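Please read the structure below before turning to the comments.
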Amino acid sequence: MKNVKTLALAATAVAAMSGNALAADRSDLHGSDYKWMQFNAMYSVGEKPDNPASGDQHNYLEMEFGGRSGVFDLYGYVDVFNLGNQDTSNGDKNPGSGTSKLFMKFAPRVSIDALTGKDLSFGPIQEIYFSTLFNWDGLNGDGVNTSFWGVGADVNVPWLGKTGMNLYAHYDLNRKQWNGYQFSANWFKPFYFFDNNSFLSFQGYVDWQFGADDELGNEFVPMTSSGGNVFFGLYWHSDRYALGYGLKGFKDVYLLEDKGGIVGLESTGWSHYFSATYKF
């Protein structure tokens, strides 16, 4: 989230106020390239899914990254949980619990505008993409191994400015089959600037799965046909640091039926996230 990204966001805000889509310049394929990376020290309270018999809190370190290079747009992060490998009464990542130490999200997109050399923007649509998304944890076989394939766009939303939106088909890498769809949206909106050039931002995302086969579950962990989560974050940013709080809502997240089956996992509810960031 370097200065170049802040400038791009400011340009998007100006475009939002004017109500016009940004026309992309394709004369230099790498003319708008940028990259960013940051480390977030995080603490989560109440994250779902959650086994009521154990705790619901954990610390983790997140390496978050993204950027643009030619036709490619990329966002991703890697999480490492329970950094001190502690065993606590309120921890859901305790040693010996069978939970994964790692989680990774990797979301590369290919710009159809840049690939064809044409400006496909119209109305609020700024750029169109072939979109993919991969979620992995540190477990083989029964862990999180999901992929999503579809189309996306950068959309100029009133007040929010540039908002990434994607519609995917879901391919389950464990079962080797297609199962439903997902709509995702994400935004980053600076809304108050201080005299020292630091600022407050409203940032977040929505992931909603639907049209899935709810018969793929079992008596231990029943499944639903739809579910997802939404994140609302309030953050203070400077050039090098950030501090933030996020409120996250879950509804049958990962298509797990809330308190269903023998295990009785809680997959619906609210959680809190606290973060401190260093930007490279």
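Just a few scattered comments:
- Restricting attention to segment 137-167, the residues being at pLDDT 95 or above, assigned to a strand (DSSP E or B) and either farther than 20 Å from Q209 by Cα or in contact with a Gly (Cβ under 9 Å, 6 or more places away or on another chain) (or both) number 12.
- Yes/no for T88 being under 30 Å from V45 (Cα atoms), assigned to a loop (DSSP other than H, G, I, E, B) and open to solvent by less than 60 Å² (accessible area, probe 1.4 Å): yes
- G211 small (G, A, S) and closer than 23 Å to V71 by Cβ: no
- Within segment 95-132, considering residues that are surrounded by fewer than 19 Cβ atoms within 10 Å (Cβ to Cβ) and of a type in the set (S, T, N, Q), the one farthest from M37 (Cα to Cα): S97
- The residue of segment 43-54 that is farthest from Y77 (Cα to Cα), among those that are buried (at least 17 other Cβ atoms within 10 Å of the Cβ) and out of contact with any His (no Cβ under 9 Å at 6 or more places or on another chain), is D50.
- Looking only at segment 133-142, and only at residues there that are in contact with a Phe, Trp or Tyr (Cβ under 6 Å, 6 or more places away or on another chain) and of a type in the set (A, V, I, L, M, F, W, C), the one that is surrounded by the most Cβ atoms within 10 Å (Cβ to Cβ): L133
- Selection count where residues are touching a helix residue (DSSP H, G or I) at 6+ places or on another chain (Cβ under 7 Å) and either open to solvent by 50 Å² or more (accessible area, probe 1.4 Å) or not in a strand (DSSP E or B) (or both), scope segment 212-223: 1
- Taking segment 235-280 as the range and being open to solvent by 20 Å² or more (accessible area, probe 1.4 Å), in a loop (DSSP other than H, G, I, E, B) and either on the phi < 0 side of the Ramachandran plot or among the hydroxyl-bearing types (S, T, Y) (or both) as the test, the residues that pass are S238, D239, R240, E257, D258, I262, V263, T268, F280.
Table: residues versus (1) in a strand (DSSP E or B); (2) within 19 Å of G233 (Cβ to Cβ).
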| residue | (1), (2) |
| --- | --- |
| W36 | yes, yes |
| N40 | yes, yes |
| P52 | no, no |
| H58 | yes, yes |
| F65 | yes, yes |
| N94 | no, no |
| F106 | yes, no |
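Condition check ((1) touching a helix residue (DSSP H, G or I) at 6+ places or on another chain (Cβ under 9 Å); (2) closer than 23 Å to M63 by Cβ) across all residues:
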residue	(1), (2)
Q177	yes, no
S201	yes, yes
F210	no, no
S225	yes, no
S238	no, yes
L243	no, yes
G264	no, no
G269	no, no
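- All conditions but one from (1) touching a residue at least 12 places away in the same chain (Cβ under 8 Å); (2) part of a loop (DSSP other than H, G, I, E, B) apply to G98; the one that does not is (1).
- Residue ID - nearest to V80 (Cα to Cα), chosen from residues in segment 20-45 that are of a type in the set (G, A, S) and modelled with pLDDT of 95 or more: A41
- Test: residue in segment 159-179 that is of a type in the set (S, T, N, Q), open to solvent by 60 Å² or more (accessible area, probe 1.4 Å) and over 25 Å from G228 (Cβ atoms): no
The values are calculated or read from the model by the stated rules, or taken from the named source; none is laboratory data. All values reported here derive from a predicted model rather than from experimental measurement. With ideal geometry, Cβ positions are generated from the backbone for all residues, glycine too; neighbour counts draw on all protein chains shown. Just the protein is used for accessible areas: all its heavy atoms, side chains included, with ligands, DNA and RNA removed. Shrake-Rupley method; radii C 1.70, N 1.55, O 1.52, S 1.80 Å.
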